[in-house]
Amino acid sequence: MGASTPEYQIGHSDPEMNRLQLQAGVYRPLTEQVLRGAGLRPGMRVLDVGCGVGDVSFIAAELVGPTGEVVGIDSASRPLEWARRPAST
Ligand SMILES: C[S@@+](CC[C@H](N)C(=O)[O-])C[C@H]1O[C@@H](n2cnc3c(N)ncnc32)[C@H](O)[C@@H]1O
C-alpha cells in the first residue's frame, strides 16, 4: 500500500483469514437472508468490494446462479489467495 493508504488494521495473517472463514460459516444463514432480502436473484451481476476471503461472494454466486456473475475485489492480495481455494476445489 502507498503512503497515503492506511494499512488495514486487522491485518491478513493466516489466523485472521481462518477467523473470517469461521465467522462466515456461523453467519452464513443470516448473510444469505440479507442478500435475498436485498433482492439478489438469478442472472444478476454483483460486485463485492472488500471481499476478503470471499465467503459472501460465494453465497452471492449461489443466488445469482450460472446466468449471473460475481466479481470480488480486495485491496490486499493475501485474502484473494484464500478466496481462490474453494473456487479451485
Ligand atoms: C473484515 S474483511 C471482510 C471480508 C468480507 N467482506 C467478509 O464479510 O467476510 C474486510 C476486507 O476489506 C478489505 N478492504 C479494506 N479497505 C479496502 C478498500 N479500500 N478497497 C478494497 N478492499 C478493502 C480488506 O483488505 C479486508 O480483506
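A few remarks follow.
- Of the numbered criteria (1) at pLDDT 95 or above; (2) closer than 23 Å to Ile10 by Cα; (3) in contact with a Gly (Cβ under 6 Å, 6 or more places away or on another chain), the one Pro42 fails is (2).
- There is no residue in the stretch 20-33 that is exposed (fewer than 11 other Cβ atoms within 10 Å of the Cβ), touching a Lys or Arg at 6+ places or on another chain (Cβ under 9 Å) and not aliphatic (A, V, I, L, M).
- Test for Gly52: is it modelled with pLDDT under 95 and within 9 Å of the ligand (Cβ to nearest atom): yes
- Residues that are part of a helix (DSSP H, G or I) and without any contact (Cβ under 8 Å) to a residue 60 or more places away in the chain, drawn from the stretch 56-80: Val56, Ser57, Phe58, Ile59, Ala60, Ala61, Glu62, Leu63, Val64, Ser77, Leu80
- The set of residues in the stretch 32-68 that are within 10 Å of the chain's Cα centre (by Cα) and among the charged types (D, E, K, R) comprises Asp48, Asp55.
- Pairs meeting the criteria (first residue in the stretch 22-44 and part of a helix (DSSP H, G or I), second residue among the hydrophobic types (A, V, I, L, M, F, W, C) and away from the ligand (no atom under 12 Å from the Cβ), beta carbons under 8 Å, at least 6 apart or on different chains) are Glu32/Leu63; Leu35/Leu63; Arg36/Leu63.
- Among all residues of the stretch 1-21, there is none that is modelled with pLDDT of 95 or more and within 9 Å of the ligand (Cβ to nearest atom).
- Restricting attention to the stretch 55-81, the residues being of a type in the set (Asp, Glu) and near the ligand (Cβ under 8 Å from one of its atoms) number 2.
The values are calculated or read from the model by the stated rules, or taken from the named source; none is laboratory data. Model, not experiment: these values are computed from the prediction. Note that each Cβ is placed from the backbone with ideal geometry, even for glycine, and that neighbours are counted across all protein chains shown.
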